[in-house]
Each structure stands twice: as C-alpha cells, then as structure tokens.
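Let me begin by presenting the structure, written as structure tokens, before commenting on it.
No lab work stands behind these numbers, since they all come straight from the coordinates. Values in this document were obtained by computation on a predicted structure and should not be read as measured data. As a convention, Cβ positions derive from the backbone with ideal geometry for all residues, glycine included, and neighbour counts pool all protein chains shown.
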Amino acid sequence: MPSLEAPTYYEHSKGVEGQPYDDFFKWVDADWWADDTGNVESPFGYVVLLEVDQSLIEEYMISTGDTNFYPEQGWYVTRLMDNGLIWAHTYGTGTLAEEGARADFAEAYRAYCEWDEGQGYY
C-alpha cells in the first residue's frame, strides 16, 4: 500500500501501463473519475481512481481520431506528478479488481492526508 515510506507501492496493482497510455490518461477529465485526491507536489502526486469502460474508450477514439490505440477496460489508479509524468496502475476488471483499486486509492488518500498535515496545510 502507498505510504510515506513507499509512495509508489500499490499492493493490489497488476503493474504500471507503458508510455502508449500516457496521452490517454492525460486526456481523461474529471467527468470520468470515480474519485481523486492529493496534489502534484506531494510524494503521491495527484491520484485518481478511474474505471475505463467501453463508452470512455469510444469517446477517446472519437475526440482524438486515434483508432489505432485501444486501451484495456478495467480499473486504474493514476498518479500525476508536478513534472508532468503520469503512472497508471492497472487492476483489471471485475469486483476483485475494483476492490483492489479502491483499497490502494484509499490508502494513498490516507497517506496523503498524513503528509499534508505534516506540511502544515489545513
């Protein structure tokens, strides 16, 4: 789980998606997010919980004209840092995948709040 000692460790994640996903996850806006927390300057970055479904994929393909890139459906936790880098932790589809993504997101939120309080921000 993400913590102040290991902000990049997401226990339930199946891995981090590669560079071809960057444009897709930067394109997704708050209308599609299940939840979000943090800020880009924290050790955790700006963290977003997201479910990628067929309608989101279709919207991406229509708005960008990119019909060659077809992202995987399922749950993701993304981390955007102040340098513009984004990491997309993938969890897969189904109830267990959703539970894992939500658990890692909740832990990132808890750890972010701990960091935020230590910074003197209220």
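Helical runs (DSSP H, four residues minimum) scored at -39500 (n - 2.57) apiece and divided by the length of the chain put the mean residue ellipticity at 222 nm at -11000 deg cm²/dmol. Contact order for the chain, expressed relative to its length and based on alpha carbon pairs under 8 Å spaced 6+ residues apart, stands at 32 percent. Each label was represented as a point 7 Å from its Cα along the Cα-to-Cβ direction; for Glu11 and Glu41 these points are 3.1 nm apart. Under 5 Å from the amide H of Val40 lie the amide H atoms of Tyr46, each residue being 5 or more positions distant or on a separate chain, with H modelled from the backbone and absent for Pro and chain starts. Of all the options Asp31, Asp82, Asp66, the one that moves most in a Gaussian network model of the chain with Cα springs shorter than 10 angstrom is Asp31.
Relative to the longest principal axis of the Cα atoms of the chain, helix 95-119 runs at roughly 40 degrees. Using a Gaussian network model of the chain in which every pair of alpha carbons under 10 angstrom is joined by a spring, one finds that among Tyr112, Tyr70, Tyr91 the greatest mean-square fluctuation is at Tyr70.
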